[in-house]
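Trainee: First, the structure itself, so that you have it in front of you.
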Amino acid sequence: MNRISIFGFTGSIGTQALSVIEKYPSKFELDVLVCNKNVSLAVELIRKHNPKNVFVTDSKARSEIMASCCSEINFFDSMNAVRVYLSDNKSDIYLSAISSFDCIDLTIDAAKSGKKLLLANKESLVVFGKQIMQECKQAQTQVIPIDSEHFSLFTALKNKDLSEISKVYLTASGGPFVGQKLSELDSKTPGEALKHPNWDMGAKITIDSATLVNKCFELIEAKHLFSLDPESLDIMIHRQSIIHSMLEFKDGSVEAQMSQPSMIIPLAYGLLGEHSQDVKKDFSLDLLNDNIDLSLEHFPEDRNKLRELTLDVMKREDNSGLIFATLNDIAVKKFLNNEIQFGEIYNLILDNYYLIDKKEINSIQELEANRLEIVKLIDEK
């Protein structure tokens, strides 16, 4: 039986992982579940799945959840207590699925575990990718990316000679505003931006999909996950989310990875360690279906400055990824709080990224200190 810890169990990835786990009660034991403050869903899932340990990062939510759950479940009172426990009681599988910067230290601990890390947290690789992958390599931790595009690359690049590949494409659905010019988007509300046509995700990542920042983050992740040349990485718009990635070889031939748009496919592989027939029953792809559209479009030209910024991040080995992710985090929060318009998300990122000093970050403590410096800088403007 595999002991599994899930960081972000109330989010979209976490709940889908639990739906896979509950089908195999003899294979998995839930060790540590971590969430932020979704009280009602957390209580529902804890009662249903009966984990050994829980940590709720928000103290008020923690008290409410503890009062509603079985006294036999252990609730940690601090992040440090979680880390100490996991250092002494390593899980067999870790799923890192909390968005933004929350619990990045748990992701790094999982990278050092020598076990299996299912990685769905984008910001951890964007801001600390080189160090995380070095820790995984040193500890011989198996990393399986859970994002659909990176999982497709994980599958496609097996036994491939990278020197034979001239281009690696990740696809983007384009989000709710696909095909619309940037000049048309200022009037868009948070409610409109949160209506993704293909994926049911949390608010932060859904807004990132609408701006295409999400896809830029994925390029940075791909560079770290697969040691790819930044110049070889590119984005194509594919509205149906059937094609997830493509490899273009030196002879001009192209290999595409396709599947139904479902996170269950990479999650089931990561958890079970195989391409499961059980998944095929629900998510088989019928290429002869009349509704299948495999058309592709270029990354929108009016968002090219964002693409150029991403390339700059990929070519550097300093805090540039942290700057990008922090500025985006600030901008998305402001947009969701109706403090800025949709188009101003881009302005906040592009107007500040090149002005902030670039420097090396060698520890989580330095990373957090620098993040707070950036937040303070923007707040004071």
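No value in this document is a laboratory result; all are computed from the given coordinates. These numbers were taken from a predicted model, which means no experiment stands behind them. Using ideal geometry, Cβ is built from the backbone for each residue, glycine included, and neighbour counts are taken over all protein chains shown.
Trainee: Of all DSSP beta bridges in the chain, what percent run antiparallel (nearest 5)?
Mentor: The antiparallel fraction comes to roughly 30 percent.
Trainee: Stick to Cα atoms and the Kirkwood definition of Rh, then tell me Rg/Rh for segment 2-146.
Mentor: Ratio of gyration radius to Kirkwood radius: 0.94.
Trainee: Continuing with this model, one more query. Any idea what the dipole of the chain comes to, in debye rounded to 20, about its Cα centre with Lys/Arg Cβ at +1 and Asp/Glu Cβ at -1?
Mentor: So the dipole magnitude of the chain works out to roughly 760 debye.
Trainee: Could I get the Rg over Rh figure for the chain? Both from C-alpha atoms, Rh via Kirkwood, rounded to two places.
Mentor: 0.95
Trainee: Mind checking segment 148-181 for trypsin sites (Lys or Arg not before Pro) that DSSP puts in a loop (not H, G, I, E or B) and that have at most 11 other Cβ atoms within 10 Å?
Mentor: Counting only loop positions with at most 11 other Cβ atoms within 10 Å, the trypsin sites (Lys or Arg not before Pro) in segment 148-181 are 158, 181.
Trainee: Now a separate question. Of the options 71, 263, 197, report the single residue whose Cα projects farthest towards the positive end of the charge dipole of the chain (beta-carbon charges: Lys, Arg +1; Asp, Glu -1).
Mentor: My answer, from the dipole projection, is 71.
Trainee: Let me ask another. Hey, quick one: spin label on residue 341, modelled 7 Å out along Cα-Cβ, who in segment 207-232 has an amide N within reach, i.e. under 20 Å?
Mentor: In segment 207-232, the label zone of residue 341 (backbone N under 20 Å from the point 7 Å along Cα→Cβ) covers 207-208, 210-213.
Trainee: Connecting C-alpha atoms closer than 10 Å in a GNM of the chain, tell me which of 119, 153, 18 has the biggest fluctuation.
Mentor: 18
Trainee: Next up: If segment 316-381 were replaced by its equivalent ellipsoid, with semi-axes equal to the square roots of 5 times the Cα gyration tensor eigenvalues, what would those be, largest first, whole Å?
Mentor: Values: eigenvalues 96, 29, 18 Å².
Semi-axis lengths for segment 316-381 are 22, 12, 10 Å.
Trainee: If the cut-off is a Cα-Cα distance under 17 Å, which aspartates and glutamates reach residue 115, setting aside same-chain residues fewer than 8 apart in sequence?
Mentor: Answer for residue 115, where 17 Å is the Cα cut-off: 29, 31, 88, 92, 105, 135, 274, listed by chain and number.
Trainee: Also, I was wondering about something else. If R₀ is 25 angstrom, what is the calculated FRET efficiency for the pair residue 155 and residue 234, using the beta carbon separation as r and rounding to 0.05?
Mentor: 0.85
Trainee: List, in the order given, every pair from 137/315; 37/137; 48/90; 23/60; 250/315; 23/167 whose Cα-Cα distance in the structure shown is over 27 Å.
Mentor: 37/137; 23/60; 23/167
Trainee: Given points 7 Å out from each Cα along the Cα-Cβ axis, report the residue 203 to residue 72 separation in nanometres with one decimal.
Mentor: That separation, rounded to one decimal, is 3.6 nm.
Trainee: Still on this structure: State, to one decimal in nm, how far the label point of residue 351 lies from the label point of residue 376, with both points 7 Å from Cα in the Cβ direction.
Mentor: That separation, rounded to one decimal, is 2.2 nm.
Trainee: Connecting C-alpha atoms closer than 10 Å in a GNM of the chain, tell me which of 141, 211, 189 has the biggest fluctuation.
Mentor: 189
Trainee: So how much slack lies between residue 298 and residue 186, counting 0.36 nm per residue of separation and subtracting their Cα-Cα distance, in nm?
Mentor: 38.1 nm
Trainee: Same structure again: Need the C-alpha centroid separation for segment 131-159 versus segment 270-301, integer Å.
Mentor: 20
Trainee: How far is it, in nm, from the label point at residue 163 to the one at residue 52 when both lie 7 Å from their Cα along the line to the Cβ?
Mentor: So the two model labels end up 4.7 nm from each other.
Trainee: If each DSSP helix of 4+ residues adds -39,500 (n - 2.57) and the sum is divided by the residues in the chain, what number results at 222 nm, nearest 500 deg cm²/dmol?
Mentor: Helix-only estimate at 222 nm: -14000 deg cm²/dmol.
Trainee: Enumerate lysine pairs in segment 316-381 that are 8 or more residues apart or on different chains, then count those whose Cα atoms are under 23 Å apart.
Mentor: Numbers: 333/376; 333/381; 334/376; 334/381; 358/376; 358/381; 359/376; 359/381.
Total qualifying Lys-Lys pairs in segment 316-381 comes to 8.
Trainee: What is the extension gain from residue 195 to residue 81, computed as 0.36 nm multiplied by their sequence separation minus the C-alpha to C-alpha distance, in nm to one decimal?
Mentor: Difference between extended and current length: 37.3 nm.
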